[in-house]
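A short write-up of the structure that comes next.
Read the figures in this text as sums done on the coordinates, not as results from a lab. The structure displayed is predicted, hence computed values, not measured ones. No Cβ is skipped: glycine too gets one built from the backbone with ideal geometry, and neighbour counts run over all protein chains shown.
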Amino acid sequence: MWKYEKKLEYPVNIRKKDLKMAKYLMAQYGGPDSELAASLRYLNQRYSMPDDRGKALLTDIANEELAHIEIIAAMISQLTKGASIDELEKAGLGGHYSMHDHGLFPANPNGVPFTSSYIETSGDYIADIESDMAAEQRARATYEHLMDMTDDIDILAPLSFLRQREVVHYQRFKELRNYYLEKKI
Amino acid sequence: MNNYRDYYNYANNNYNQPNYKNTLNANIYDPYQGFIRGNMFPDLYNTYKLNKPVEIMPKNEQAELLTYIDALCFALIDLNLFLDLNPNDENAIRLYNEYRKEKDMYMRAYQDKFGPISLDSANLDGSTWKWIKSPWPWECEY
């Protein structure tokens with residue numbers, strides 16, 4: 001069962017329209033290491049976890065990733081607010097406008113739609129946790145690339161928060177993997 | 001209590017947090033310092049590009065109260081992940097429950113004054129269905 005709270009995990013208040021950053025942020029909305037992929041990956045993998053610690057950790061991280069989808073969506077929504085067709089076309093979002101207008105759609109920055117093949121589920125909990133560690137590292141790297149592309153503090157603050165969460169999640173997955181290997185579970 | 005930073009000093013004294021810091025298996029930030037870093041654990045904190053964490057600048061009382069809630073909710077999220085892997089850490093459990101009670105108190109205060117954040121809110125009673133009233137989180141301009 002899920003419950004919605006009418007607030008973000010971290011506030012998003014972007015004052016300046018920036019269509020290029022909106023386009024690049026779609027990497028974390030609909031790309032292979034996006035928050036959407038992460039939440040669905042852990043939600044599918046949790047059924048293969050061998051003990052209560054693993055079931056809890058994958059459930060709770062998946063839950064937090066759902067909140068991260070909402071942060072990225074809020075950012076894209078604010079960055080594109082009031083953009084004209086001409087401005088969208090100049091930022092390379094003409095293709096997006098033709099199919100989705102100003103609506104949000106989970107695709108990567110090049111318009112390639114989200115696909116469930118991004119969700120790695122092997123049924124083997126060590127293989128799954130190690131793929132999760134790699135996914136958290138790739139997402140951290142993506143956040144660093146995004147941070148490299150802007151100097152707007154309104155964009156950098158939530159990106160920095162989200163990047164840091166990847167650091168923590170990576171550490172927790174690593175601890176779980178090591179615990180299973182040490183305990184020979 | 002003039003601003004949210006004073007509040008956190010108050011909270012530290014109130015709950016005698018240094019005791020927890022000394023006995024928790026890991027060092028830990030207070031909720032606000034953890035929240036602005038995205039990490040409650042100094043040992044795990046790892047920065048990129050920004051040389052210091054970005055302070056939250058609430059524009060009004062509503063945003064300020066929400067910052068207390070956001071910080072406490074964040075502390076609970078990060079302690080929750082820690083506890084999943086350290087389920088016998090009594091000090092972390094105690095800290096989790098202190099922050100949970102404090103968060104509940106501020107959630108009640110916020111919702112009484114500014115409308116529901118949760119569908120469990122007692123503030124949903126009345127002649128108008130307040131849930132649909134703005135602000136929506138992605139439109140936050142308060």
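A few notes on this one:
For every residue, the table says whether it meets (1) in contact (Cβ under 8 Å) with a residue 60 or more places away in the chain; (2) in contact with a strand residue (DSSP E or B) (Cβ under 8 Å, 6 or more places away or on another chain); (3) in a helix (DSSP H, G or I).
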| site | (1), (2), (3) |
| --- | --- |
| A:10 | yes, no, no |
| A:13 | yes, no, no |
| A:32 | yes, no, no |
| A:40 | yes, no, yes |
| A:43 | no, no, yes |
| A:62 | no, no, yes |
| A:71 | yes, no, yes |
| A:111 | no, no, no |
| A:120 | yes, no, no |
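- Residues in the range B:50-105 that are of a type in the set (Asp, Glu) and facing chain A (nearest Cβ under 10 Å): B:55, B:70, B:78, B:84.
- Taking the range A:45-57 as the range and being in contact with a Phe, Trp or Tyr (Cβ under 8 Å, 6 or more places away or on another chain) and assigned to a helix (DSSP H, G or I) as the test, the residues that pass are A:45, A:48, A:53, A:54, A:57.
- Any hit, the range A:81-90, residues being within 14 Å of chain B (Cβ to nearest Cβ) and either over 30 Å from residue B:75 (Cα atoms) or under 13 Å from the mean Cα position of the chain (by Cα) (or both): yes
- Count - residues of the range B:73-106 that are within 11 Å of the chain's Cα centre (by Cα) and touching a residue at least 60 places away in the same chain (Cβ under 8 Å): 2
- Extreme residue, nearest to residue A:5 (Cα to Cα), among residues of the range B:107-120 that are within 12 Å of chain A (Cβ to nearest Cβ) and touching a residue at least 12 places away in the same chain (Cβ under 8 Å): B:117
- Residue pairs whose Cβ atoms lie under 6 Å apart, separated by 6 or more positions or on different chains, with the first residue in the range A:139-150 and of a type in the set (Gly, Ala, Ser) and the second assigned to a helix (DSSP H, G or I), are A:139/A:166.
- For the range B:100-122, a residue qualifies if it is touching a Phe, Trp or Tyr at 6+ places or on another chain (Cβ under 9 Å) and polar (S, T, N, Q), and the qualifying residues are B:118, B:121.
- Some residue of the range A:149-163 being within 20 Å of residue A:40 (Cβ to Cβ) and more than 10 Å from chain B (Cβ to nearest Cβ): no
- Residue within the range A:124-137 that is in contact with a His (Cβ under 6 Å, 6 or more places away or on another chain) and within 29 Å of residue A:185 (Cβ to Cβ) present: yes
- Leading residue by the ranking (farthest from residue A:128 (Cα to Cα)) among those in the range A:160-182 that are in contact (Cβ under 8 Å) with a residue 24 or more places away in the chain and hydrophobic (A, V, I, L, M, F, W, C): A:161
- Residue identified as in a helix (DSSP H, G or I), within 7 Å of another protein chain (Cβ to nearest Cβ), acidic (Asp, Glu) and under 19 Å from the mean Cα position of the chain (by Cα) among A:175, A:144, A:166: A:144
Per-residue answers, yes or no, for (1) surrounded by fewer than 21 Cβ atoms within 10 Å (Cβ to Cβ); (2) within 26 Å of residue B:131 (Cβ to Cβ); (3) under 9 Å from the mean Cα position of the chain (by Cα):
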residue	(1), (2), (3)
A:9	no, yes, no
A:21	no, no, no
A:28	no, no, yes
A:34	no, no, yes
A:39	yes, yes, yes
A:42	no, no, no
